[in-house]
Amino acid sequence: MRIALDLTYGTGPELTGVGVYSREIAHGLVRRHPESNWSFCYRSHKFLKSLRDALPRGAKRRPFTESWLPPHDLFHGLNQRVPAARTRRCVTTFHDLFVMTGDYSTPDFRERFTAQARHAAERSDLILCVSAFTASQVEGLLNVPKARLRVVHHGVHAPATPPTASQRENVVLSVGSIQKRKNTARLVEAFAQTRTGWKLILAGAAGFGAEEIVEQIRNSPRAADIEVTGYINNTELESLYRRASLFAFPSLDEGFGIPVIEAMAWGVPVITSDRSALAEISGDAALHVDPHDTGAITLALQTLMDQPTLRRELVARGTEWAAQFTWDRAVDATWAAYQELL
């Protein structure tokens with residue numbers, strides 16, 4: 001069986017959530033199903049860069065264009081985009097549609113994104129959605145029948161050695177791009193209203209609207225207690241998960257929200273939003289807030305800062321909850337979708 005995977009977004013040293021997903025799914029599929037013929041495909045602007053990436057044994061590196069794909073029995077677009085070239089069978093993963101529903105990008109990007117999403121939805125035999133929330137958006141915004149939708153959650157890697165209590169500091173950690181959609185501005189404002197003695201660490205690259213947020217941080221009365229790391233690698237991120245005593249992710253819109261489950265797996269109590277996919281993927285293992293209510297975010301932060309017993313309760317619930325989100329489970333569900341078509 002010849003399976004072609006679009007790894008365009010899974011190459012490079014600074015992967016986003018989509019990049020992490022692309023790499024984990026592709027490498028996991030090859031590892032668990034070596035009997036198949038795997039092509040890791042890259043659009044022309046990323047093919048040469050992909051040469052730096054080691055491929056798993058059994059996978060071949062192939063370029064592709066809008067008008068040509070290597071021979072295949074099934075093509076999987078891992079980031080809600082498929083080429084115009086004819087495909088025998090097509091599976092596409094949809095992560096989110098926030099570009100279509102919110103003011104989180106430029107008008108030009110929104111137009112291109114929408115056209116690509118509609119094209120992918122029309123061409124796909126099956127669509128994998130990373131949450132039930134994303135599936136509902138694909139159904140409603142792109143008019144895709146439920147019969148063509150499958151929900152396949154992301155996974156995370158739990159630490160081999162859980163952090164000890166002595167490694168924890170009075171640190172509130174937030175992981176993700178510094179941008180409007182992540183609600184970073186309200187988190188910074190809410191943190192500034194908590195009592196002193198804690199530090200806020202914002203770990204992530206600059207995103208849409210970052211300039212205003214950085215200026216807000218400079219002018220914050222708690223500026224000395226706020227650290228912006230920029231993009232960090234896995235080793236640096238793991239160090240922050242070991243240090244943090246709280247994790248705050250009051251995002252306005254998420255198709256999944258890997259950092260929420262990741263923080264739980266590392267034993268960090270989580271504050272997150274009560275909407276989009278975040279309520280779905282965090283279950284009752286997090287403290288939920290209205291992301292538009294700065295006062296509610298402040299209250300949640302101060303409550304967990306002041307109540308170590310509640311923090312320990314959320315850690316226990318979060319660790320148990322996160323255990324169900326594994327990449328092997330996501331790989332197996334993806335393979336099952338392939339089998340429906342093949």
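Just so it is clear, none of the values below were taken in a lab; they were calculated from the coordinates. Note that the structure is a prediction, hence the values are computed from the model and not measured. Please note: Cβ atoms are built from the backbone with ideal geometry, for glycine as well, and neighbour counts cover all protein chains shown.
Which one, SER273, GLY230, PRO250, is farthest towards the positive end of the dipole of the chain when Lys and Arg carry +1 and Asp and Glu -1 on their Cβ?
GLY230
Hey, got the dipole for segment 1-103? About the Cα centre, +1 on K and R Cβ, -1 on D and E Cβ, debye to the nearest 20?
That gives a dipole near 520 debye.
For q = 0.17 Å⁻¹, what log10 I(q)/I(0) does segment 220-300 give under the Debye formula with an equal point scatterer on each alpha carbon and no solvent?
-0.74
Given ALA263, THR164, GLN116, which one lies farthest toward the positive end of the charge dipole of the chain, if we put +1 on the Cβ of every Lys and Arg and -1 on the Cβ of every Asp and Glu?
Of ALA263, THR164, GLN116, it is GLN116.
Under a straight-distance cross-link criterion of Cα-Cα below 27 Å, which lysines are reachable from LYS60, leaving out those fewer than 8 residues away in the same chain?
Candidates past the 8-residue exclusion: LYS46, LYS49.
Just to be sure I understand the curve: with the Debye formula and one point per C-alpha of segment 166-240, what is log10 I(q)/I(0) at q = 0.18, 0.22, 0.24 Å⁻¹?
At q = 0.18, 0.22, 0.24 Å⁻¹ the computed log10 ratios are -0.69, -1.00, -1.15.
Please determine, in degrees from 0 to 90 and to the nearest 10, the orientation of helix 107-123 with respect to the longest principal axis defined by the Cα atoms of the chain, where the helix direction is its Cα long axis.
So the inclination is approximately 50 degrees.
Place a point 7 Å from Cα of ARG112 in the direction of its Cβ. Which residues in segment 202-219 have their backbone N less than 19 Å from it?
Taking a point 7 Å out along Cα→Cβ of ARG112, the residues of segment 202-219 whose backbone N falls under 19 Å are 206-210.
As a test of the definition: which semi-axes, in Å, follow for segment 1-112 when you take the square root of five times each eigenvalue of its alpha carbon gyration tensor? Largest first, please.
So the equivalent ellipsoid measures 24, 16, 14 Å along its semi-axes.
Taking every pair of alpha-carbon atoms in segment 260-334, give the share separated by more than 13 Å as a whole percent.
So the portion of pairs separated by more than 13 Å is 66 percent.
In percent, how large is the relative contact order of segment 165-322, given Cα pairs closer than 8 Å and 6 or more residues apart?
25 percent
Normalised by the number of residues in the chain, what is the relative contact order in percent for Cα pairs under 8 Å and 6+ residues apart?
15 percent
Could you list the trypsin sites (Lys or Arg not before Pro) in segment 69-153 that lie in coil according to DSSP, counting only those with at most 15 other Cβ atoms within 10 Å of their Cβ?
Passing both the DSSP loop test and the Cβ count: ARG86, ARG88.
Nothing charged except the Cβ atoms of Lys and Arg (+1) and of Asp and Glu (-1): what's the magnitude of the dipole of segment 119-257 about its Cα centre? Round to the nearest 20 debye.
Taking the Cα centre of segment 119-257 as origin, the dipole is about 280 debye.
Using the Cα centre as the reference, give the magnitude of the dipole from point charges on the C-beta atoms of the chain (Lys, Arg: +1; Asp, Glu: -1; all else neutral), rounded to the nearest 20 debye.
1140 debye
If every alpha-carbon in segment 52-107 counts as one equal scatterer, what log10 I(q)/I(0) does Debye give at q = 0.15 1/Å?
At q = 0.15 Å⁻¹ the computed log10 ratios are -0.63.
I need the P(r) histogram for the chain: all alpha carbon pairs, bin width 10 Å from 0 out to the longest distance, whole percents.
5, 25, 33, 23, 11, 2, 0
With a ≥ b ≥ c the root eigenvalues of the C-alpha gyration tensor of segment 165-322, is it rounded (a/c under 1.5), prolate (a/b larger than b/c) or oblate?
Rounded.
What is the helix-to-structure angle for 294-306, meaning the angle in degrees between its Cα long axis and the longest Cα principal axis of the chain, kept from 0 to 90 and rounded to the nearest 10?
Approximately 70 degrees, to the nearest ten.
Please give the helix 17-32 orientation as an angle from the longest Cα principal axis of the chain, in degrees from 0 to 90, rounded to the nearest 10.
50 degrees
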